[in-house]
Amino acid sequence: MAGGSTQAEDSITGINVTPLVDITLVLLIIFMVTAKLIVSQSLPLDLPKAANGQDIQMVFSVELHANGDTVVNGKKLDKDEAVLPLAKEELARTPDLRAVIRADTTVQHGRVIKVLDLLKQGGVTKIAFGVSPIAPEPGAVAGGTGAAPAPAPSPPAPAPGK
């Protein structure tokens with residue numbers, strides 16, 4: 001035999017699967033650990049809980065009106081800074097306090113952030129923003145699965161005069 005190689009040396013008689021399984025398990029563990037780290041870096045959600053007996057959460061309502069008025073739990077305040085002592089007092093009475101900020105659409109963003117910061121300084125950690133639901137348009141399909149109507153075409157631009 002002129003090449004010096006035999007048939008036994010050229011053929012593979014079997015594949016050892018153990019190293020393949022080991023590598024697969026190591027990769028699986030790496031993906032599981034990294035997925036856990038990625039999920040824990042996201043913002044925590046404050047999901048509502050069912051009200052059972054005594055487990056009713058208190059709501060601390062803060063309303064910011066367009067005319068500059070600040071109303072907390074139905075009581076008008078002289079200035080926004082008065083929210084801080086009220087928040088601390090209410091939090092001392094109710095440790096599971098949830099604050100809801102309802103601001104008029106014309107209220108400046110800076111004022112909303114200022115009240116948000118005052119609530120955080122007062123120790124309130126559960127803060128939500130109140131919104132009004134959008135009323136469905138007449139003829140809209142219930143459940144929101146229907147297609148939205150196409151917007152009306154805009155009138156053509158006037159031709160420049162001579």
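Before moving on, here are some points about what is shown:
- Multiplying the residue separation of Arg93 and Phe31 by 0.36 nm and removing their Cα-Cα distance gives an extension gain of 17.8 nm.
- In this simple spin-label model, placing a label point 7 Å from the Cα along the Cα-to-Cβ direction at both Thr18 and Val100 gives a separation of 6.4 nm.
- For Ser61, nonlocal amide neighbours, meaning residues 5 or more places apart or on other chains whose placed amide H falls under 5 Å from its own, are Asn73, Val100.
- Residues whose placed amide H lies under 5 Å from that of Ala103, excluding near-sequence neighbours: Leu64, Gly130
- Checking the cross-link pairs Lys79/Lys126; Lys88/Lys126; Lys88/Lys114 against a 19 Å limit on the alpha carbon distance flags Lys79/Lys126 as lying beyond it.
- Whole-Hz Karplus values for segment 61-75 come out as 8, 10, 10, 10, 8, 5, 7, x, 6, 10, 10, 10, 6, x, 10 Hz, taken residue by residue from phi with 6.51 cos²θ - 1.76 cosθ + 1.60 and θ = phi - 60°; glycine and proline positions read x.
Any read-out appearing in this document is the output of simple, stated calculations on the displayed coordinates, not a laboratory observation. Because the structure is predicted, anything quoted here is derived from the model rather than measured. Don't worry about glycine lacking a Cβ; one is built from the backbone with ideal geometry, like all the others, and counts go over all protein chains shown.
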